[in-house]
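Notes for the one structure printed next.
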Amino acid sequence: MPSGKRDVLCIDIRSFYASVECVMRGLNPFKTPLVVADKSRGPGGIVLAVSPFMRKRGIASCCRIRDLPDVEGLIVARPRMKDYIAFSRDVTEIYLGFVSEEDLHTYSIDESFLDLTTYTRYYGKPVEAIAEDILAAIAARGLPAACGIGDNMFLSKVALDVYAKRGASPIAAIRIDDVAEKLWPIRPLSKMWGIGHRLERRLNMLNIHSVGELANTPIEDLKRRFGIIGEELHHHANGLDGSVIADFEGREMKSVGLGQTLHKDCASEDVAIVLREMSDEVAARLRATGMDASTVSLGIGYSRAYGGGFHRRSALPQRTMDAEIIYHATMTLWRRFGEAAPIRNLFLRASGLTSTDASFQISLFEDARLTKKRDALWRCVDDLRHRYGKACVTRLSSLLDDATFIERSRLIGGH
């Protein structure tokens, strides 16, 4: 993997939703006790974001409303996703004032990568000075930001997450020459971009607890145990990353899916209602992108009182964008792995995507005419929803108490 030494920035708007709320209210995010949450969903509602003021006091997002400590003057702001998206677009326009589109990659609503390799000579400044100018432009909108600088996307992301977000300065850098000093001491491993807690546990079982120990593990051993992921882990642990921002343009889609956290526990016997709606939505996204899926994955998280959950996947009987086939495969996974416990989180994803050619791969056990009629019906529904809103046509089951589609159709980004 080529090291691709470049000048890459990874910029994050700190506590984005909460900071935007503060700005819209004329408040300082660092001096305002504010959280973004919908109190109408009850004490079990999720806190989407907390202001930097709250974060400095050890209060993290993704907790429940009921778990928030008593803070004098606390503001609980209901999410306003349209406004957050508008602010995100404003920030993107700031970035495009410094770099061209091919050198900008939007990683999420609040985080982006910028490749400044060819711009230092143009601006006549070192990359650190350009980063300061960009953060100053963002600050002029009232938003706090942090920036990681690296020789590649991976190092800039780690510099952001580990140093810029937590250090005295909002700008931090990790260069290839800094790997032994700044990258290798990092532990636990889940602090490194690309390593989740499950993978961390597997590495710990091999007596690998720091990035340095990972870097010095023979690549052959990692490939034997983890396949291609093991090879990538070894490269990253040594500060190497061949990704180039310009290459992200037109990248092939790998999967489509959605997840949701319910505002109340769902009884296991009623989960089919929600999974039916989610299967419909995944199928709609497949139709919108002209893709067929060959695999479906289901993730279930039980209520906090019960704990646990599962994540399983299964091959579909044929590559398809048919909601019925996706739903039946999803329910097969649920019946096989589900437990009689209250459910709070659900995740459904269709993967193994290939571009459809408008023809059907019909199973010997399927009625081809019925499948075509079903596809025509759903495309008509897609057209109506595009014109009049997602909730203009729904299944009758979406009127039941445990259904969530109608409520979520009124929201943006699920909030």
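The values are calculated or read from the model by the stated rules, or taken from the named source; none is laboratory data. Values in this document were obtained by computation on a predicted structure and should not be read as measured data. Positions of Cβ are backbone-derived with ideal geometry, glycine not excepted, and every protein chain shown enters the neighbour counts. SASA here: full protein model, heavy atoms, side chains in, ligands and nucleic acids out. Shrake-Rupley method; radii C 1.70, N 1.55, O 1.52, S 1.80 Å.
Results, tabulated for the structure shown:
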read-out: The chain - percent relative contact order, Cα under 8 Å, separation 6 or more; value: 14
read-out: Pair ALA288, ALA168: separation of 7 Å Cα→Cβ label points (nm); value: 4.7
read-out: LEU34 long-range amide H proximity, modeled H, under 5 Å; value: SER51, MET54, ILE75
read-out: Within segment 184-207: backbone nitrogen closer than 19 Å to the HIS311 label point (7 Å, Cα to C-beta); value: 189-205
read-out: Loop GluC sites (Glu not before Pro), segment 211-303, which have at most 16 other Cβ atoms in a 10 Å radius of their Cβ (DSSP); value: GLU249, GLU252
read-out: Extension gain from ALA136 to LYS264, taking 0.36 nm per residue of separation minus the Cα-Cα distance; value: 41.9 nm
read-out: Cα centroid of segment 74-116 to Cα centroid of segment 123-187, whole Å; value: 17
read-out: Selected from ALA272, ALA159, ALA173 as most flexible by GNM, with the chain as the system and alpha-carbon contacts under 10 Å; value: ALA272
read-out: Between 0 and 90°, nearest 10: helix 323-337 axis offset from the chain longest Cα axis; value: 80
read-out: Carbon and sulfur %, accessible surface of the chain computed with the full protein complex present, 1.4 Å; value: 51
read-out: Among ALA288, ALA272, THR32 the positive-end extreme of the charge dipole of the chain (Cβ point charges); value: ALA272
read-out: Estimated distance in nm for a label pair at CYS62 and ARG379, the labels positioned 7 Å out from Cα along Cα-to-Cβ; value: 4.0
read-out: Degrees between helix 368-388 axis and first principal axis of the chain (Cα, 0 to 90, nearest 10); value: 50
read-out: Förster radius 35 Å - calculated FRET efficiency between ARG304 and HIS386, Cβ distance, rounded to 0.05; value: 0.40
read-out: GNM result for the chain, Cα springs below 10 Å: residue of CYS62, CYS380, CYS147 fluctuating most strongly; value: CYS380
read-out: Estimated 222 nm signal from helices in the chain, with DSSP H stretches of n ≥ 4 weighted -39500 (n - 2.57), rounded to 500; value: -10500 deg cm²/dmol
read-out: Correct choice for Rg and Dmax of the Cα atoms in Å that was computed from the model, options [x] 22.2, 86; [y] 24.5, 86; [z] 23.4, 68; value: [z]
read-out: In degrees, nearest ten, helix 271-289 long axis to first principal axis of the chain (Cα); value: 70
read-out: Cross-link table LYS82/LYS390; LYS56/LYS264; LYS5/LYS191; LYS56/LYS191, entries beyond 25 Å C-alpha to C-alpha; value: LYS56/LYS264
read-out: Where N is the number of residues in segment 77-166, Cα Rg divided by 2.2 N^0.38 Å; value: 1.10
read-out: Spin-label pair LEU400/LYS39, simplified geometry with 7 Å Cα→Cβ offset, distance in nm; value: 3.3
read-out: Sparse-neighbourhood loop sites, trypsin sites (Lys or Arg not before Pro) in segment 123-168 - DSSP loop, at most 11 other Cβ within 10 angstrom; value: ARG166
read-out: Highest-MSF residue in the chain out of LEU143, LEU316, LEU206 [GNM, Cα springs under 10 Å]; value: LEU206
read-out: Accessible-area order (highest first, 1.4 angstrom probe) of the listed residues PHE113, PHE310, PHE30; value: PHE30, PHE310, PHE113
read-out: THR118 accessible area, assembled protein chains, probe 1.4 Å, Å²; value: 100
read-out: 1.4 Å probe accessible area per residue over the chain, in Å²; value: 51
